[in-house]
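A quick write-up on the structure given underneath.
The values are calculated or read from the model by the stated rules, or taken from the named source; none is laboratory data. What you see is a predicted model; the values in this text were computed from it and never measured. Reconstructed Cβ throughout: ideal geometry from the backbone, glycine too, with neighbour counts over all protein chains shown.
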Amino acid sequence: MQVVSSESPPFESVPNDILQEILLHCLPTLSIAISLAPSQAPTLLTHVCQRWRRVALTFPQLWKCMRLEVRRAELDDTKLRTFAAAAARAKSAPRNLQLVIKLPLLGLSRLNTGSLHPMPNVVHKLFDTPVSSLTRLALRGVPAAQIHDLPRGLFPALDTLILHLEGTDKDIFQRDVKGPLTTFSDAPALRRVGLGPAGSFPSEAYASSNIALPWQ
C-alpha cells in the first residue's frame, strides 16, 4: 500500500489544465449570476489555497463573464477598480460585462443636484482604453452624460449592447446641445441593441434621436 504524505495531498498532482476545467465547472450556470461575491466562484476559488489562487487568477476563461450590481449609495472608486481589475483578467477571451447601479426612487438627476453620494465617473474607470475583447455589454443606471463623454473606437468587437437609462439623467441631459450618444456609432461588430427596463429592441425613432448606431 502506498503511503501518501499529508503534506502533499493527491489533488496536488492534478495538472493545471485539468484543474482549470474543474474551476470552470464551479462557476454559476447563468452568466447573470457571476459576480465578485467572496462566497461564490470565481472569487471563492482564489481563497482555497495558493495553487488554486495562482491558477484561478491567471485563467482568462474564469473571468470572461462578470456582473457588478450595487446600490447607488454604495458605489465608490474602490468597487469600480476591483471590478475593472477582475474583468481585465479575461485578457483576450470574449468578455461579457454587466454593470447595474440600483438607483433611489427619486432618480439620479435629483441626487446629483446636491453633494450627497457624488457619482464616480463609472465608464471612464472601466473603459479608459479600447477593450478589444468585449463582445457583450449591459449598463443600467449609468448617467447618459458619462456615456456621451466616452470617445469613439473603444468597442471594436462589441456584438450586443443593452442600455437601461431610466432613472438616470436622460431626461435632463442636453441632447439638443450635445447631440445623441455616439459612443457606439462606430462599433463595427454591433448587431443587437436593447433599450429600456427589459432590454427591448428600440424603435428607429428613439434610437435616431437618442443613440447613434452603426447602421443608421
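The C-beta contact set for the range 178-193 (first residue of a type in the set (D, E, K, R), second residue assigned to a loop (DSSP other than H, G, I, E, B), distance under 6 angstrom, 6+ apart or interchain) comprises Asp186/Arg152; Arg191/Asp159. Across the range 141-184, the qualifying residues are those that are of a type in the set (Lys, Arg) and farther than 25 Å from Ser92 by Cα, and the one among them that is surrounded by the most Cβ atoms within 10 Å (Cβ to Cβ) is Lys170. For the range 49-58, the condition of being in a helix (DSSP H, G or I), at pLDDT 90 or above and within 29 Å of Leu165 (Cβ to Cβ) holds for none of the residues. In the condition set (1) of a type outside the set (Ser, Thr, Tyr); (2) in a helix (DSSP H, G or I); (3) at pLDDT below 95, Ala37 is compliant with all but (2). Counting the residues of the range 70-87 that are in contact (Cβ under 8 Å) with a residue 24 or more places away in the chain and in a helix (DSSP H, G or I) gives 10. Only a single criterion out of (1) closer than 19 Å to Leu80 by Cα; (2) more than 21 Å from the chain's Cα centre (by Cα); (3) among the small types (Gly, Ala, Ser) is not satisfied by Ala33, namely (2). Taking (1) surrounded by fewer than 16 Cβ atoms within 10 Å (Cβ to Cβ); (2) in contact (Cβ under 8 Å) with a residue 12 or more places away in the chain in turn, Ala56 satisfies each apart from (1). Selection within the range 132-170: residues that are part of a loop (DSSP other than H, G, I, E, B) and touching a strand residue (DSSP E or B) at 6+ places or on another chain (Cβ under 7 Å). The member of this set that is nearest to Phe184 (Cα to Cα) is Phe155.
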